[in-house]
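For reference, the structure discussed in these notes is given below.
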Amino acid sequence: MFLYPQATENLGFEIQLHLPAHWEIASGLHFQDNKTVVANFDQLADSPFICSGHIQRKSYEVNGTAFHICFNNQKQIPWEKVLEDFKRFTQQQIADFGEFPVPEFTFLIQSVPYAAYHGVEHLNSTVIALGPSSEVFTTLYTELLGVSSHELYHVWNVKSIRPAEMFPYNFKEENYSEAGFIYEGITTYMGDLYLLKSGVFSLEQYLKELSKQVQKHLDNPARFSMSVAAASYDTWLDGYVPGAPGRKVSIYTEGCLLAFYCDMKLRQATQNKLGLEVVMKHLYYDFACQQKGYSIQDYKTALENFSGQDFTSFFNDFVYGTAPYEQLLSEAFEYFGLELQQTPANSYAEARFGMKVSQVGKDWQIVQLYPGSPAELGGLAIGDLIIAVNQVRALPQLDAWLSFHENQNKTLLVERSGRILELFIPEVDRNFFVQNKVLRLATLNGPQEKALKAWMLA
Ligand SMILES: [Zn+2]
């Protein structure tokens, strides 16, 4: 633990590591003989390092900047493919910004044997945790690319382009900000979009990722009660835990969809010549490079200047308000020649009961309830273990038993904190947790063809 020395914040530090002989260090810092010097506390706290006997590394270069990829505890790395893909999205991001903010960059990738997905941006590096390691280059490869492109984009957006509230960082207290929809939302949107633009993702792969964001948004009833600006402020209070059901939205998900809409508006207003990347480039050169933080108003002004349109009601309704996104989304899909395909959920529990469950041993535990759904009206609660449906043990598949009693009244036996309850579940004639898929329209008109092409390509 590096404690924050308030009085000596700007003093340098020397780090000496005592390691087993065959161990190596992976870090954005340069170590020599396991020793390094850092300029100040910020650099110290923001320069993680991995010490391990199982590091594998390779580098690539874009415009004279070196990028290092370090895997810890990962076997069978298809280096050629990894280097090519990383180089592609890196090139594309640098091409749009014009320069890379730091002289060198390191991806520190912790491969773990269990399911994991996490990434954090740092000064000139990122730490990514991904697992299980057996799947990193198969089913998890799109996740590896997604999180890596996202973290690289952060070198500009939040490490350099920073809300005024975080400029400089105040290590003595929370740095509350309502701008999470910019620093995480735009990063989520652009991180994936650069994979599409650089040809690492096909349109189909990209739309799969976009569909996930649409799905998360529409599945979350909190979108009617909390604004993304308020959610951003609260990240300092409750971080990444799910929190009280239906209470909070996500700066990642909602921010990504709002960024998608703004990108569309800019493209629409400029005959597809300019997109959100010009706004970010402006924030980079005119704020970050001038050692200034930005305000949400600065972002709004930039959107308005580049598009020639008024964004006041957009900010009031969707950033500070809780207006439904459906209209925004369909406008953006329409513009690019995309459509939202909605189908009932495959699972009976989700579609008809309005509850998401996960298996715990032999039992089924409720993890999410949709407000107004039969499950919620019937008095079920998150955390309940469902034991029986109409007096029959719900084994092995809960769904099979729920649909078996399709047109009958249903009574569920549940365990809640050690007590057994019998609950009657009413019928509600609608579908819950509808499945959302963003697809390319079968036929595009001329303007859509143009818009989609310009959006997808560099
Ligand atoms: Zn992020």
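In the chain, helical runs assigned H by DSSP with n ≥ 4 each contribute -39500 (n - 2.57); averaged across all residues and rounded to the nearest 500, the mean residue ellipticity at 222 nm is -10000 deg cm²/dmol. Using a 10 angstrom Cβ neighbour count of at most 11 plus a DSSP loop assignment to flag exposed chymotrypsin sites (Phe, Trp or Tyr not before Pro), which longest range of the chain is free of such sites? The segment 241-458 is the longest one with no such site. Excluding residues fewer than 8 places away in the same chain, name every one of the lysines whose C-alpha is closer than 24 Å to that of Lys362. Here the lysines satisfying the reach criterion relative to Lys362 are Lys410.
Longest segment of the chain with no GluC sites (Glu not before Pro) in a DSSP loop having at most 16 other Cβ atoms within 10 Å? Value returned for the longest uninterrupted segment is 175-405. Report the Cα centroid-to-centroid distance between the stretch 320-399 and the stretch 426-458 in angstrom, as an integer. After rounding, the separation between the Cα centres reads 21 Å.
Pairs from the table (Lys172/Lys197; Lys81/Lys265; Lys75/Lys208; Lys58/Lys300) lying more than 30 angstrom apart at Cα are Lys172/Lys197; Lys81/Lys265; Lys58/Lys300. What's the whole-number percent of alpha carbon pairs in the stretch 6-130 lying beyond 24 angstrom? For the stretch 6-130, the fraction of Cα-Cα distances above 24 Å is 33 percent.
Using the alpha carbons alone, the radius of gyration of the chain stands to its Kirkwood radius in an Rg to Rh ratio of 1.00. Cross-link partners for Lys437 among the aspartates and glutamates, with Cα-Cα distance under 19 Å and sequence neighbours closer than 8 places in the same chain left out: Glu143, Asp192, Glu204, Glu209, Asp219, Glu254, Glu326, Glu331, Glu334, Glu339, Glu350.
Any read-out appearing in this document is the output of simple, stated calculations on the displayed coordinates, not a laboratory observation. Predicted model only: the values in this text are computed from it and were never measured. Ideal geometry is used to build each Cβ from the backbone, glycine not excepted, and the neighbour counts take in all protein chains shown.
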